[in-house]
Amino acid sequence: MTDQPTGADAPRRFLFLNASVRTDGNSERLARLAAEASLPAGAEQRWLRLTEHPLPPFQDLRHTGDGRYPEPVGHERTLLDATLAATDLVFVAPLYWYSLPTTAKLYLDYWSAWFRVPGVEFRAGMAGGTIWGVTALAGGDDKADPLIGTLRLTAEYMGMRWGGALLGNGTRPGDVLRDERALIAAKSFFAD
């Protein structure tokens, strides 16, 4: 979100952060359907599977030494750069115990470090972007309230827009493709 063209003519860049441990799971299938059907014309898309970019356990260094974090390297650098390059972050995250999967939560924990990396200006770089959520769950939509709340409050804290959540019902692989309500919603989910 830094060093990007501004205005109505600027291309939108969607970063899909797949937090599922299952390849081609229900959340991913639903997100891919939504991207195919409703991304704005000219929008770019990048898909990253968080399990393929593992991060070590987060360490809180805010009150250690000068409170600064070292320059990110490896997978952390890849995720930071991809995050800052995006105008729209899409959390593709199945509902695990009423919340985000571990990989997505760990990724968000690293945002605390990125606030404190000299020269990154992470909060300013994220301001004005949009956070979205796509999730598959078993049961009623209200079970996803904690996951949705996490993403919505993160957007609010960062000065970002909350784009909304696309929910689909499904447990076994491919189940979401039988959720007619979710398939209809996917057709216009990312549309302006």
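The values are calculated or read from the model by the stated rules, or taken from the named source; none is laboratory data. Source: prediction; values computed, not measured. Cβ atoms come from the backbone with ideal geometry, glycine included; neighbour counts cover every protein chain shown. Keep in mind that these areas ignore ligands, DNA and RNA; they rest on the heavy atoms of the full protein, side chains included. Shrake-Rupley method; radii C 1.70, N 1.55, O 1.52, S 1.80 Å.
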Residue in segment 157-179 that is at pLDDT 95 or above, under 18 Å from residue 16 (Cα atoms) and part of a loop (DSSP other than H, G, I, E, B) present: yes
Subset of segment 68-91 (residues that are part of a helix (DSSP H, G or I) and among the β-branched types (Val, Ile, Thr)): 78, 83
Qualifying residue in segment 75-95 (condition: out of contact with any strand residue (DSSP E or B) (no Cβ under 6 Å at 6 or more places or on another chain) and at positive phi): no
Answer residue from segment 133-144, given it is part of a helix (DSSP H, G or I) and free of Cβ contacts under 8 Å to residues at least 40 places away in the same chain and is nearest to residue 167 (Cα to Cα) among those: 141
Output for segment 180-192, where each listed residue is outside any helix (DSSP H, G or I) and modelled with pLDDT of 95 or more: 187, 188, 189, 190
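Would you mind finding the one in 101, 72 that is touching a helix residue (DSSP H, G or I) at 6+ places or on another chain (Cβ under 9 Å) and crowded, with 22+ Cβ neighbours inside 10 Å?
101
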Residues being farther than 20 Å from residue 74 by Cβ, part of a helix (DSSP H, G or I) and aliphatic (A, V, I, L, M) - total across segment 92-127: 2
Contacts under 6 angstrom Cβ, first residue in segment 103-124 being acidic (Asp, Glu), partner modelled with pLDDT of 95 or more and open to solvent by 50 Å² or more (accessible area, probe 1.4 Å), 6 or more apart: 109/58
Checking residue 174 against (1) touching a residue at least 60 places away in the same chain (Cβ under 8 Å); (2) surrounded by 14 or more Cβ atoms within 10 Å (Cβ to Cβ), the condition it does not meet: (2)
Exclusive hit being open to solvent by 20 Å² or more (accessible area, probe 1.4 Å) and in contact with a helix residue (DSSP H, G or I) (Cβ under 7 Å, 6 or more places away or on another chain), set 153, 137, 167: 167
Top-ranked residue in segment 121-134 [being open to solvent by less than 20 Å² (accessible area, probe 1.4 Å) and over 13 Å from the mean Cα position of the chain (by Cα); ranked as farthest from residue 190 (Cα to Cα)]: 122
Subset of segment 149-170 that is over 14 Å from residue 108 (Cβ atoms) and without any contact (Cβ under 8 Å) to a residue 60 or more places away in the chain - its residue that is farthest from the chain's Cα centre (by Cα): 169
Selection count where residues are surrounded by 17 or more Cβ atoms within 10 Å (Cβ to Cβ), in contact with a strand residue (DSSP E or B) (Cβ under 7 Å, 6 or more places away or on another chain) and either at pLDDT below 95 or not in a loop (DSSP other than H, G, I, E, B) (or both), scope segment 21-67: 10
